[in-house]
Amino acid sequence: MPVRSRVKTFTMDGQDVSGHESETILEIARQNDIDIPTLCQLDGLSIIGACRLCLVEVVGWNKLVPACATYVEEGMEVVTNSERLQNYRRMIIEMLFAEGNHVCSVCVSNGNCSLQYLATKLGMDYVRYPYLNPDRTVDMSHERFVMDHNRCILCTRCVRVCDEIEGAHTWDVEGRGYKSHLITDLDIPWGDSRTCTSCGKCMNVCPTGAIVEKGKPAGEMIKRREFLGYLTKMRGVNNNE
Amino acid sequence: MTIYDTLQGMAETEHDRQAQFENEMWVCLASGCASQNADQLADRLADLVKEQELEEKVNVKCVGCMGLCATGPHVTVKPAGQHYSEVRPEDAEALVEAAKTGEPYEPLYEPEYSQFFDRQTRIVLENAGSVDPESLEDYLVHDGYKALNIALTEMSPDEIIQEITNSGLRGRGGGGYPTGLKWSTVAKAESDTKYVICNADEGDPGAFMDRSVLESDPYRILEGMTIAAFAVGASKGHIYVRAEYPLAIDRLNKAIRRAKRENLLGNEILGTPFNFSIEIRLGAGAFVCGEETALIASIEGKRGQPRPRPPYPADYGLWGEPTLINNVETLANIAPIIRNGSDWYASFGTESSKGTKVFALTGQVNNTGLIEVPMGITLREIVYDIGGGAPDGRAVKAVQTGGPSGGCIPEHMLDLPVDFESLREVGSMMGSGGMIVMDDTASMLEVARFFMEFSMTESCGKCIPCRVGTKQMYDLLGRIESGVGTYRDLQLLRELCDVTQHTSLCGLGQSAPNPVLSTLHFFEDEYLSLLTDVEAAAD
């Protein structure tokens, strides 16, 4: 019997790289300092492949694949930053800006926001799509935190951290399509939730200013995500298995 | 005596019982006709037969869909073969009289419908409209469970898969993936537990093929699923059917109960060591749950949202186990293939697309209803020969296939043969079988906007391009349609089509732009004429 190889060698942007069969394209890219933008992905949380920013091309494959959810294969030729990919990524960010009500100048997360950072990095200088200006609410009922639906991009990091790490599953998504929105428990004010432990994990993993601490002035809200790495490492859990 | 011999005995008794009647009156009791009081009609006919003491001469039988759904309720009188449409309960007396004398009842007699039926080839629908869907005995008379007996007693799982592969059958849910290949993939997956799922979450606007099959011939689906389960090594099956199909659910439940009693489901099926059980799961009205990974999430009790593939369900499906998911129509083809052989099946259709396809023919066409045609037939034959063209002598403008994932095919391309590849080449797709005919009064922009609205409201909201892209495209189409759109709006629309098509997570988003892209391709003038700055477009 031929021995099965568990380490795969392939190329990424022309560079020779190698990875274990249990590793994704995104992990190998990060090991080799190749930057692939991500938004819904966060180390320590399950992979959902929803934001579509980490889509990459693989030569010979007819579809773009999400780097976060695609395992490495022998001989694959990955292209992570073609002009086409750059365009798509910028358009996706533009879509997010047009979808919600994102006003950086008055946002507590101004300067510490993943959405803002990606928009700058991907060269989004203005939004070409019509703003939808949705009528969204702000939930201030929790004693320590605020949920501002205007700034929510539905990455569901909060849903996953609450379910997978905290084990409370206070958050979930209600509605379909562009009417999707986050809810606490069975759509009651956050402050009335009986499952919420007020741990603040959702606030810290939130990439934008949607879930923030009360009492922060504009630009002062800095999220701390280090806990996720410690927790998952100490617990030895892998949420993708 | 084996269990199958007992079943054969039941079939013979039923056959003899039916043979003693001089006349049979078949009343369609599928949803379309039932909604027009066909059940009252059937009761009235049965009462009259009883009153006139004709019980030994005339048999009133409730059957499944005959196809001409727009003009129900339908009654066929056998053996004379007279077909009546739009029959009301008060017409019952005249029909019984006609059955007695053999003279057709002129006011409702529809002799010209022969054209509608003559051009069809019925494999999936062979029992629809002639067999009582609630009678196992009647199904057995029509070769029911013969295929399962052959499969379980004469064939190995590998031989069954080979037979399905040789038949050239491709998935009828829309994608056209080779069924034999799918089966062999699941068969190869290593696990003690495997599942078979029948996808009956039919959701395309205007499509009702699967509903008719389930309502008209539920045992056929159970038989197909059982053969599939034996071939891939599964012991548990689910039928995921949308809750909006109460009659189909009712008949499936009855059929499952009966099949269990007769050892056709459950433990030791037909006396062999093979066990298989089927459970029904109801969909809660989300179109996206027709996508296989979303369907699996829904069965597991989660929010019905797709996930990235691979891993495919064949490898990692329901509860993480290898799972075979086939569409209703695909499973309805299994029994005839095993019964008659793959060569027989492969003799229908074209080189790449074998067999037949059921279409729900709707829109501006004279004969609206359910049809089954061999692959390779031209759209023109379907629209004009079977459908009878547009009403009031109007000109046909386009045909829409594939529902919200498909496109519009203009009149001048109607000679296109219907198969998976040809339809895809012109920017449409086979889809599950919705076919909407539009006459020259139809606005292509309105059609595109209608389907975009559907995709927008049915998007699950998980991935950004589908959630936001469909909303933006819908708004832009609305702007252009109301006459305030500019050439720049049209460019943005094209751009959004491109990004949504290529970056969305699942098939819903990836194919949502198709109605816009195909109408833009074939009817660009309609878009351009509505722009405020037509001059800019000309440059």
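Only the coordinates and a few stated rules stand behind these numbers; no lab work does. Just so you know, these numbers come straight off a predicted model, no measurement behind them. A quick note on method: Cβ atoms are made from the backbone with ideal geometry, for glycine too, and the neighbour counts reach across all protein chains shown.
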Taking every residue in A:85-94, how many Cβ atoms of other protein chains lie within 10 Å of its Cβ, on average? 3
Pick out which of A:Cys107, A:Cys199, A:Cys51 has the largest mean-square fluctuation in a Gaussian network model of chain A, springs linking Cα atoms closer than 10 Å. A:Cys199
Quick P(r) readout (region B:19-118; Cα-Cα; 10 Å bins; whole %) gives 17, 54, 27, 2
Number of partner chain Cβ atoms within 10 Å, mean per residue of A:98-106: 1
If pairing requires two Cys Cβ atoms under 4.7 Å apart, which cysteines of chain A are left without a partner? A:Cys54, A:Cys68, A:Cys104, A:Cys107, A:Cys113, A:Cys152, A:Cys162, A:Cys196, A:Cys199, A:Cys206
How large is the helix-only mean residue ellipticity at 222 nm for chain A, computed as the sum of -39500 (n - 2.57) over DSSP H runs with n ≥ 4, divided by its residue count, in deg cm²/dmol to the nearest 500? -6000 deg cm²/dmol
Which of the DSSP-defined H helices in chain B satisfy a minimum axial length of 20 Å, computed from C-alpha atoms, and a minimum mean Kyte-Doolittle hydropathy of -0.5? B:218-232, B:444-458, B:464-481
For a distance above 39 Å, tell me the whole-number percent of Cα pairs in the protein assembly as shown that qualify. 44 percent
Per-residue ellipticity at 222 nm attributable to helices in chain B (runs of n ≥ 4 DSSP H, -39500 (n - 2.57) apiece, nearest 500 deg cm²/dmol) works out to -12500 deg cm²/dmol
Nearest 5 is fine: what % of DSSP beta bridges in the protein assembly as shown come out antiparallel, could you say? 60 percent
Please identify the cysteines of chain B that lack any partner cysteine with a Cβ under 4.7 Å from their own Cβ. B:Cys62, B:Cys65, B:Cys69, B:Cys198, B:Cys289, B:Cys408, B:Cys460, B:Cys463, B:Cys466, B:Cys497, B:Cys506
Which order do peptides B:33-39, B:447-453, A:83-89 fall in by mean Cβ count within 10 Å, highest first? B:447-453, B:33-39, A:83-89
Evaluate E = 1/(1 + (r/R0)^6) for A:Cys199 and B:Leu247, where r is the Cβ-Cβ distance and R0 equals 56 Å; express this FRET efficiency to the nearest 0.05. 0.65
How do the peptides B:101-109, B:226-234 rank, highest first, by the average count of neighbouring beta carbon atoms within 10 Å per residue? B:226-234, B:101-109
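Can you tell me what percent of all Cα-Cα pairs in region B:310-405 are more than 22 Å apart?
49 percent
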Extended-chain gain in nm, criterion 0.36 nm per residue less alpha-carbon gap, B:Arg494 and B:Gln115: 132.2 nm
Between their Cα atoms, which of A:Lys179/A:Lys223; A:Lys201/A:Lys233; B:Lys357/B:Lys462; B:Lys182/B:Lys302; B:Lys188/B:Lys462 are more than 23 Å away from each other? A:Lys179/A:Lys223; B:Lys357/B:Lys462; B:Lys182/B:Lys302; B:Lys188/B:Lys462
Per the C-alpha gyration tensor (a ≥ b ≥ c, the square roots of its eigenvalues), region A:177-241 is rounded if a/c is under 1.5, else prolate if a/b beats b/c, else oblate; here it's oblate
Hey, got the average number of other protein chain Cβ atoms within 10 angstrom for residues in B:498-507? 4
